[in-house]
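As structure tokens, the structure follows; a few thoughts come after it.
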Amino acid sequence: MGVAPSLIGTYTAGPLQFEATLYFQPAGLYLVHLTQPDSGRNMEALAALRGAYGEPVSSETSMVGKVYRWRADNLNLSVEAYSFSSGGFTINYQPLRTAASGRL
């Protein structure tokens, strides 16, 4: 990623709790990375994303798991969720302009 984490903490969304890491570049927020520490709640987190953003615009399955992608143009937001075969689950929120070009 090439950008050091700037802020690390806990984020709670309803009944879900995540380990949150925020990354900043000189132009502002670059990436919000959320990790679901309770693998038993992965499907609940995925359902919450579907409730917020609708069905993913794309999804891919690989040997390590599945990635889901949403795009919210009205919010300038790219959302990616990774459901790993090992049980891990992470979500990345990134401004669309940053996701497309690596900067704002």
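Scanning the stretch 55-78 for residues that are closer than 15 Å to MET43 by Cα, modelled with pLDDT under 95 and touching a helix residue (DSSP H, G or I) at 6+ places or on another chain (Cβ under 8 Å) turns up nothing.
The residues of the stretch 17-68 that are of a type outside the set (Gly, Ala, Ser), touching a residue at least 60 places away in the same chain (Cβ under 8 Å) and more than 13 Å from ASN92 (Cβ to Cβ) amount to a single one, GLN25. Selection of the stretch 54-101 for residues being among the acidic types (Asp, Glu) and surrounded by 13 or more Cβ atoms within 10 Å (Cβ to Cβ) yields only GLU80.
Among the residues that make up the stretch 6-17, is at least one of them touching a Gly at 6+ places or on another chain (Cβ under 6 Å) and among the polar types (S, T, N, Q)? Full working, then the answer.
First, the residues of the stretch 6-17 that are touching a Gly at 6+ places or on another chain (Cβ under 6 Å): none.
Among the residues of the stretch 6-17, not one is touching a Gly at 6+ places or on another chain (Cβ under 6 Å) and among the polar types (S, T, N, Q), which makes the answer no.
Is there a residue in the stretch 71-92 that is outside any strand (DSSP E or B), of a type outside the set (Phe, Trp, Tyr) and in contact (Cβ under 8 Å) with a residue 24 or more places away in the chain? The answer is yes; a qualifying residue exists. Residue check: is GLY51 part of a strand (DSSP E or B) and exposed (fewer than 11 other Cβ atoms within 10 Å of the Cβ)? No; evaluated as a whole, the condition is false for this residue. Filtering the stretch 17-35 to residues that are exposed (fewer than 15 other Cβ atoms within 10 Å of the Cβ) and either part of a strand (DSSP E or B) or touching a strand residue (DSSP E or B) at 6+ places or on another chain (Cβ under 6 Å) (or both) leaves GLU19, PHE24, GLY28, THR35. The residues of the stretch 75-95 that are of a type outside the set (Val, Ile, Thr) and under 15 Å from GLU19 (Cα atoms), listed by number, are ALA81, TYR82, GLY88, PHE89, ASN92, TYR93. Just give me the residues in the stretch 22-59 being within 24 Å of ARG97 (Cβ to Cβ) and among the charged types (D, E, K, R), in sequence order. Passing the criteria: only GLU55.
The values are calculated or read from the model by the stated rules, or taken from the named source; none is laboratory data. Because the structure is a prediction, the values reported are computed rather than measured. Note: ideal-geometry Cβ built from the backbone for every residue, glycine included; neighbour counts use all protein chains shown.
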